[in-house]
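See below for the structure under consideration.
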């Protein structure tokens, strides 16, 4: 990461929103930052980690990250927690109570909503958490505003003793814009934790007196929102329609209707209803443009203000000009002709695993075993649902695979009587939220085989560290979890804990078959690192000897992207039926010499040329 650590005040830099958040946290005097990686928020902490004045850590999940930040705040330090939108669900137990108790040092929660579902399993609207948890929300529209609003969020948090949410979206997080720095770091004294059990010990007796104070704070924050300079009115010459909007949707509105009046909200919770009412009186029709839910629209309508919104606009996806124009033009009684665009057929490129990915072996094994219900989880191994494996039956949220598999076991239907339940989960996901599921399964005598795919990386979000990698966020040596000992401590019998090299396909298949027949919890742990990390050791590429290849296609079934179909031939078998032969090639530039394809090739047509014709077996990493 190339964060601008030592940039001087009043300098200008091209930064993404995530970079801008990191710089703002540093300037604001934050002393602690914690997060769990998740696109589009991952880079926030990675950039913060480049600033030497802030303690930063990858926490095991988002709830822990928020609790770390809360602890720092109670000690008087400014703190920040960052996560993607689904992480707020995990963290909510902590911040919902802390909003009632309040904070000491500024506490900012940066959440990145994945509007458009570019890399997430749902498209939830994190603005609801502000209303639900009685916390202010600031919404930047670009990198400059992300920088400024994070700094204001810390001030706001300390002044009113409340956690503050800064709601980002994918477009703000990843799009770069010019950012002008306005100051250097301001060091702030942390007085230390001041004991006050009546406030900090949230028993019912102590929490009840805090409720009126929280609601009084809400009323004060409404006045603050009404007067905030983060809300700005843009005058326009065409007053037939006026827009109320926030975040990157503002950019889309201005691009699509440059002559329309716009009330741009940066301080969006509590909503500045009086400002909106005044603005509505200056235009013929008021339209709310918000991504994604009709949250602000509902509040405006409840205040008795006539407004249009999701009756003409979609409740999902980005509200880009291509969406706004056909939706709003009819309100202006203006015809809108859909532009004719040349249709180009793009060759499909479905997501797949990498060459030498250690998950290829387990999914090859699962795809060749019958009578399995395979319950998946969030990570690279989610790709096992795709071609050619088709070896994943469910995927809901992080850590759900073990609990759902246990529930499927206990709630077997008629068609499941002979099925074996398999849960697939990765190392980081297991530590994030999977351990409880395994403990619950053992305690309640479930019958599930768990594939714990340890690739020593948070692979899908970019190879970040976790307690199972042996390194911390800064690349320093850290204690490494022993997964075998951990699952044994959670109650799995040692006989049912199996370690396996996922590159050894026959062993992989054998173990899965054996363990799924056991009528008790069992865990199969793989031990190969992600092929995109420095822990992976690349070997010489393989190639296919054409004369020996029989066209069986077994190597294609592995799903390795380095192997591709060279040609197909149809032959007539002895029984008179036609059979398709699939002849393979190996891309030497993509192949890393993992040896898995050799295991699938009965005629020994896959070899390492010319330096050596012998098979080189790779020893498992420690």
Would a scan of the range 218-232 turn up a residue that is under 34 Å from the mean Cα position of the chain (by Cα), at negative phi, assigned to a strand (DSSP E or B) and modelled with pLDDT of 95 or more?
-> yes
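Condition check ((1) touching a residue at least 12 places away in the same chain (Cβ under 8 Å); (2) surrounded by 14 or more Cβ atoms within 10 Å (Cβ to Cβ); (3) assigned to a helix (DSSP H, G or I); (4) not assigned by TED's automatic domain parsing to the domain that holds residue 469) across all residues:
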{"site": "512", "(1), (2), (3), (4)": "yes, yes, yes, no"}
{"site": "519", "(1), (2), (3), (4)": "yes, no, no, no"}
{"site": "531", "(1), (2), (3), (4)": "yes, yes, no, yes"}
{"site": "538", "(1), (2), (3), (4)": "yes, no, no, yes"}
{"site": "548", "(1), (2), (3), (4)": "yes, no, no, yes"}
{"site": "561", "(1), (2), (3), (4)": "yes, yes, no, yes"}
{"site": "566", "(1), (2), (3), (4)": "yes, yes, no, yes"}
Could you count how many residues in the range 45-59 are touching a residue at least 60 places away in the same chain (Cβ under 8 Å) and under 17 Å from residue 95 (Cβ atoms)?
-> 0
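Among the listed residues 253, 283, 287, which satisfies the condition of being over 21 Å from residue 168 (Cβ atoms), crowded, with 22+ Cβ neighbours inside 10 Å and not assigned by TED's automatic domain parsing to the domain that holds residue 153? Walk me through how you get there before you give the answer.
Values: 253 fails: over 21 Å from residue 168 (Cβ atoms); 283 fails: crowded, with 22+ Cβ neighbours inside 10 Å.
One residue alone meets the criteria, 287.
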When you go through 404, 433, 398, 441 one by one, which is the residue that is in the same structural domain as residue 509 (by TED's automatic domain parsing), crowded, with 22+ Cβ neighbours inside 10 Å, touching a residue at least 12 places away in the same chain (Cβ under 8 Å) and in a loop (DSSP other than H, G, I, E, B)?
-> 398
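Specify which of the listed residues (223, 194) is surrounded by fewer than 24 Cβ atoms within 10 Å (Cβ to Cβ) and assigned by TED's automatic domain parsing to the domain that holds residue 39. Let's see the steps before the verdict.
On the way: 194 fails: assigned by TED's automatic domain parsing to the domain that holds residue 39.
Unique residue meeting the criteria: 223.
Being assigned by TED's automatic domain parsing to the domain that holds residue 279, at pLDDT 90 or above and surrounded by fewer than 18 Cβ atoms within 10 Å (Cβ to Cβ) narrows it down to one residue among 370, 301; which is it?
Details: 370 fails: assigned by TED's automatic domain parsing to the domain that holds residue 279.
Only one candidate passes the filter, namely 301.
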Of the candidates 6, 55, the one satisfying the condition of being surrounded by fewer than 20 Cβ atoms within 10 Å (Cβ to Cβ), at pLDDT 95 or above and over 16 Å from residue 150 (Cα atoms) is 55
Hey, does the range 117-126 have a residue that's closer than 19 Å to residue 54 by Cα and surrounded by 14 or more Cβ atoms within 10 Å (Cβ to Cβ)?
-> no
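Taking residue 101, is it surrounded by fewer than 22 Cβ atoms within 10 Å (Cβ to Cβ), assigned by TED's automatic domain parsing to the domain that holds residue 208 and touching a helix residue (DSSP H, G or I) at 6+ places or on another chain (Cβ under 7 Å)? Step through it out loud before you land on a result.
Values: surrounded by fewer than 22 Cβ atoms within 10 Å (Cβ to Cβ): yes; assigned by TED's automatic domain parsing to the domain that holds residue 208: yes; touching a helix residue (DSSP H, G or I) at 6+ places or on another chain (Cβ under 7 Å): yes.
Yes, satisfied.
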Closer than 25 Å to residue 141 by Cα, modelled with pLDDT of 95 or more, in a helix (DSSP H, G or I) and touching a strand residue (DSSP E or B) at 6+ places or on another chain (Cβ under 7 Å) - does that describe any residue in the range 84-102?
-> no
Residue 376 is checked against (1) closer than 25 Å to residue 529 by Cβ; (2) in the same structural domain as residue 451 (by TED's automatic domain parsing); (3) out of contact with any strand residue (DSSP E or B) (no Cβ under 7 Å at 6 or more places or on another chain) and fails just one. What number does that condition carry?
-> (3)
Qualifying positions in the range 472-501 - in a strand (DSSP E or B) and under 21 Å from the mean Cα position of the chain (by Cα) | none
Which of the residues spanning the range 127-153 are surrounded by fewer than 24 Cβ atoms within 10 Å (Cβ to Cβ), part of a loop (DSSP other than H, G, I, E, B) and either within 21 Å of the chain's Cα centre (by Cα) or in the same structural domain as residue 296 (by TED's automatic domain parsing) (or both)?
-> 142
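Which residue, of 246, 237, is outside the structural domain of residue 171 (by TED's automatic domain parsing), under 24 Å from residue 325 (Cβ atoms) and surrounded by fewer than 17 Cβ atoms within 10 Å (Cβ to Cβ)?
Numbers: 246 fails: surrounded by fewer than 17 Cβ atoms within 10 Å (Cβ to Cβ).
Residue meeting the stated conditions: 237.
Any residue at all in the range 370-377 that's more than 29 Å from residue 61 (Cα to Cα) and touching a helix residue (DSSP H, G or I) at 6+ places or on another chain (Cβ under 7 Å)?
Of all residues in the range 370-377, those more than 29 Å from residue 61 (Cα to Cα) come to 370-372.
So of that shortlist, the ones also touching a helix residue (DSSP H, G or I) at 6+ places or on another chain (Cβ under 7 Å) come out as 372.
Yes, the conditions are met somewhere in the range 370-377.
The values are calculated or read from the model by the stated rules, or taken from the named source; none is laboratory data. All figures in this text were calculated on a predicted structure; none of them were measured in a lab. As a convention, Cβ positions derive from the backbone with ideal geometry for all residues, glycine included, and neighbour counts pool all protein chains shown.
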